[in-house]
Amino acid sequence: MVEYVWPDKKDASVLGGSFDKIDGPAKCTGTAKYSYDINPEGVLIARAYGCPQAHCKLKSLDLELAEGVPGVVAVRKMKELGDEIHWQGDLVAVVVGETEGAVAEGLAAIVADYEPLDVYVDDEDLQAAEAAGRTADSGGRVQLANEPEGDDEGFEDKELERLFKEAAAVVEGYYGIAAITHMCLETHGSTCEFKDGKLLAHLSTQNVSGTPGQFASPLKLTADDVTVHCDYIGGGFGSKFAVDRWDSLAAQLSKDLGRPVKLMLDRDLELKNGGSRPSGFADVKIGADANGVITVWDSHHWSAGGYGGGVLNQSVMPYVIVPPNYRRRVTNVKINAAPVRAWRAPNHPQGCALSQTAIDDIAAKMGLDSYDVFERNLVNVADEDRRGVYAEEMKIAAKLMDWKAKWHPHGKGDKNGSIVSGLGMALHTWGGGAHPSSCMVKIHPDGGVEAFLGSQDLGTGTRTVIAVVLAETFGLPVEAIKVNIGNSKYPMSGPSGGSTTVGGVSESSRRTGLDAREQLFEKVASKLGVPAESLEAKDGRIFSSEDSDKSLSWKDACSLLGMSPLEVSGRGYSRGSKLSSNGVGGVQMAEVEVDRETGVVKMKKFVAVQDMGLVVNRKTASSQIYGAMIMGIAYALFEERLMDKNSGAFLNAEIADYRLPRLGDIGELVVEIYEPESERARGVIGLGEPPVISPGAAISNAVANALGIRVPVLPLTPKRVLDSLKLQARSA
C-alpha cells in the first residue's frame, strides 16, 4: 500500500533544493513560443476598434470604407446600433486583414457616431458619488464582545461609544488605495485555427483545462472538439482565466474565413479592457488600551470596480489583526470603467493597506515603536498557531532590517538636508490550498520519464516544480524528467489562481509518481528476489534497504518493462492529505527615504519573511517573493489608473505612461523563507499571491514614520506627498 508522504528532510535528494527553471534556456534564447508568436500558414491578422467615449449609445457604425481597404479580408461588428457603451475602449468592431498595415488602414477607415451619456469616474469622493446616484449599500457586520440583552436598537452605537471612551488612545483616519489595471507584457488574445470541424486555440490563458468548453458553446461544438494550447504566457496575474469575447470572435472568424486568425489586443485596449483591481477608500476609527492593543474598530469603506460594481469584500477589514469589537460598513461605487478582474491576492492588498496603516497610526499617537504595537496585537490574530509564526517571522525580519537600531519615533529621525528616512511593517495571510489536478506519468523502457498535465506555467516555475517532485520520487536528477503541460488534451488540472497550482500539481505528480514507482518496484523485487517494500530509489539506482548489494541502475530497472512504457494516471488532493495543506502568511518591513522638497519616495531596503509549508524549489520560491515585492513597490509608489473626471478618458493607457518601477526604484530586496520542521510538516502550500499583500501598508507606514504624517492614499506619488506636507503646514 502506497503511503503518500514527502521524504524527511535528511532523506530528500532534490526536494527543497535550488534549481534553475527548466524552460529558462527556451525563454532566454527566444525559442519559447507564446500565443502571440504562433503563426500558422495563411494566418490573418485581426485588431479591434475601441470606443473613444466612456459612456454613450452607438448611433451609427459605417464599416463600408474599412471593408474596401486593399488587404482587408473581413470587418465584424461587436456592438449593435443602440447598444449602451459603459467605458472608453469597449470593443465596437474588429478588422481582419492580410497584413498589419492593411488592418491599421481598415481601423482608421471606420466611421462611428455616438450619443453621449452622463459620465462618472470619481471613485474617491463618496459624497459626490452618492449625489450622482452611483452608490449602493453593500452591507456590513458588527461584532461586539458584550451582546445586548433583549431588543435594544441603540445598543450598537452606545456600546461603541462606551468602548471608545474607555480606550487609552483613539485614532480617526482616512486611507485609500487607487485602482490599478492589468499590465501583462503579453496582451490578451489568441491565435485560432478552425479545421475539419475542430478548433485549435493558441490562447494566452491561466486555465488550459477549463477553457475548451467556453470556446465550444458559441461554435456549437463539444469541448472534445476544441484543443486549447498554451506553452508559455506573458503574464496573467488573475486576468486570463476565461475565454474573452475577442477570443470567441477570433474562433468564429477562423471558421467563417477558413484560415487561422490572430487577434491580440493593442496595448491601450489591453489596459482599458483587460480588467482592474478595485480601488478602496476608508474612514477608520480605532481605539487601543494603554499597551497599544486594539480594543475597538469602526470603519466605513467604499470602492469601485467598474460600471457593474465590484466592491471590496467586507471581510478584508480589519485585516489579520481583528479586535474583539468591530463594526464595518461597505459601499459600492459604480463608475464608467471596465469590469474588475482578479488581481494577485484579490481584496487582500487593499484590506491590508486600509487597515494596518491605522494600527501604525495608533503607535505613532502613543509614541510607541510600531514593531512593539504589531507584536502586542498578535493576540488579535484569530488563528492561535499563526500568532506564534508571526512572532518568529517578525524577529527574523527585524534582525534582517536592523529595526531596533534604525527605528525612531514618527517624524523624529535624522535629516540629511531635505531627506528623511523611516521604517514601516505589515503582516499578511492567504489560503493557498491545492486545486484539483490529474497527472499521467510515463516511464519508458530506456529509462526516460515523462509527465503529462493539463496545467500551465505562468512563469512561476510550474514545469520545474513538477520535475523536482518526480525527480525526488524516482531518485533521478531534475533534468532527467520531461514535463509536458500547456495542452487541454492532457489530464485535467485546475486554473492557476489563488496560489493553488503548486499544491495541485505537486500532489498529483507525487501521488502518480509513487504509484508508478510501486509498479516498477514490483518488477525489480521479482528480479532481485527481495520484498518490494524494502526497495528505495535514489541517485539513479533502485536498491534494497535490507541489502544494498542487491540493486539495479534506473535504466536496467526500466528495461524490465519490456517493449511498452509504463503509464500510470492519478489525481491530486484528497481529504486528509499529508502532501499539502492550507494557510500561509508573512511579515514585510520597508525602509524608505523621502525628500520633503520634491516629494519623491525612494526605497532603501525591503525585507520579506514568508512561510509556505514545505519548499519544493527554493530558487523559484524566492523568485516569486522578489517579484511580488516589486509589484508591491509598483502599486505603493507609482501604479494607478488615471481617468479624466469630465470625459472619463483613461489618460495613461499606454506602456510609456502607465508608470511601473524601474531597476533603480526598488532598492535592496531581502527574502527569507521561514521553513522550520513545523512548517515543512504541513506539506506544499501556494506562495504566488501572499507576498504582494503587505508592501502597500509597509511602505505607507515607512513614509509616515519618516515624515511624521500620513500620506493617506496609495500610490505615494510626489504630488500626494507634497499635498500632505502642505496640509500639515497649514494646520500647524
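For segment 163-170, 3J(HN,Hα) computed residue by residue from phi via the Karplus equation (6.51, -1.76, 1.60; θ = phi - 60°) reads 5, 5, 5, 7, 5, 6, 8, 10 Hz, glycine and proline entered as x. For a straight C-alpha distance cut-off of 14 angstrom, the aspartates and glutamates reachable from residue 605 (same-chain residues fewer than eight places away being disregarded) are 402, 591, 593, 665, 668, 672. Within the straight-line cut-off of under 16 Å between alpha carbons, the aspartates and glutamates reachable from residue 165 are 156, 157, 289, 298, sequence neighbours fewer than 8 places apart in one chain being disregarded. For residue 296, the residues 5 or more places off, or on other chains, whose built amide H falls under 5 Å of its own are 287. Working from Cα pairs under 8 Å separated by at least six residues, relative contact order for segment 146-268 is 29 percent. If the chain linking residue 195 and residue 99 were pulled fully straight, counting 0.36 nm for each residue of separation and taking away their Cα-Cα distance, it would gain 32.4 nm. Once the Cβ-Cβ distance of residue 546 and residue 480 is raised to the sixth power relative to R0 = 30 Å, the FRET efficiency obtained is 0.70. Here residue 9 is the anchor, and the aspartates and glutamates within straight C-alpha reach of less than 14 Å, apart from those fewer than 8 places off in the same chain, are 472, 675, 677, 679. Length gained on full extension, residue 81 to residue 257, computed as 0.36 nm times the residue gap minus the Cα-Cα distance: 60.9 nm. Placing a pseudo-label 7 Å from each Cα along the Cα-to-Cβ vector at residue 677 and residue 31 gives an inter-label distance of 4.5 nm.
Residue ranges 266-275, 403-412 sort as 266-275, 403-412 when ordered by packing (mean number of other C-beta atoms within 10 Å per residue, highest first). With a threshold of 20 Å on the Cα-Cα distance, the over-threshold entries among 21/538; 399/604; 285/719 are 21/538; 285/719. The orientation-averaged projection of the convex hull spanning the C-alpha atoms of segment 580-732 amounts to 11.5 square nanometres. In this structure, residue 20 and residue 555 have a Cβ-Cβ separation that, at R0 = 25 Å, corresponds to a calculated FRET efficiency of about 0.50.
Kindly flag which residue pairs out of 262/619; 442/523; 220/240; 77/645 have an alpha-carbon separation exceeding 26 Å in this structure.
Correct reply: 262/619; 77/645.
The Cα trace of the chain gives Rg and Dmax of 28.1, 89 Å, the first to one decimal, the second as a whole number. 3J(HN,Hα) along segment 235-251: x, x, 6, x, 9, 10, 8, 10, 6, 8, 5, 6, 5, 4, 5, 4, 5 Hz, from the Karplus curve 6.51 cos²θ - 1.76 cosθ + 1.60 with θ = phi - 60°, whole Hz, x for Gly and Pro. Residue 604 sits among other residues whose Cβ lies under 13 Å from its own Cβ, and their net charge, with Lys and Arg +1 and Asp and Glu -1, is -3. Computed on segment 65-182, the Cα convex hull volume stands at 218 Å³ per residue.
Take the Cα of residue 598, step 7 Å along the line toward its Cβ, and report every residue of segment 682-721 whose backbone nitrogen sits under 17 Å from that point. Only 716-721 pass the distance filter. Inter-part distance, segment 12-63 to segment 218-243, computed on C-alpha centroids, equals 12 Å. Grouping the Cα pair distances of segment 192-340 into 5 Å bins from zero gives a pair-distance distribution of 2, 9, 14, 14, 11, 11, 9, 8, 7, 6, 4, 3, 2, 1, 0, 0 percent in increasing distance order.
With a simple spin-label model that places each label point 7 Å from the Cα along the Cα-to-Cβ direction, the separation between residue 289 and residue 1 comes to 5.0 nm. Take every Cα pair under 8 Å whose residues are at least 6 apart in sequence, average their separation, divide by the length of segment 595-693, and the relative contact order is 51 percent. Under a model in which nothing but the beta-carbon of Lys, Arg (+1) and Asp, Glu (-1) is charged, the chain shows a dipole of about 880 debye around its Cα centre.
If you count, for each residue, the other Cβ atoms within 10 Å and average over each peptide, how do 92-104, 156-168 line up from highest to lowest?
92-104, 156-168
For the peptides 432-441, 135-144, 487-496, 350-359, residues were scored by their other Cβ atoms within 10 Å and the scores averaged per peptide; the highest-first order is 350-359, 432-441, 487-496, 135-144. Helix-only arithmetic for the chain: the sum of -39500 (n - 2.57) across DSSP H runs with n ≥ 4, divided by the residue total, places the mean residue ellipticity at 222 nm at -8500 deg cm²/dmol. The GluC sites (Glu not before Pro) found in segment 1-84 that occupy coil by DSSP, while having at most 13 further C-beta atoms within 10 Å, are 3, 41, 80. Note: relative contact order over segment 563-619, using C-alpha pairs below 8 Å and six or more positions apart, is 30 percent.
Extending 7 Å from Cα along the Cβ direction at residue 12 and again at residue 39 yields two label points whose distance is 4.4 nm.
The equivalent ellipsoid of segment 541-628 has semi-axes of 51, 17, 15 Å, largest first, where each one is the square root of 5 times an eigenvalue of the Cα gyration tensor.
Bear in mind that the values in this text are calculations on the coordinates, not laboratory data. Predicted, not measured: the structure shown is a model, and the values here were computed from it. Please note: Cβ atoms are built from the backbone with ideal geometry, for glycine as well, and neighbour counts cover all protein chains shown.
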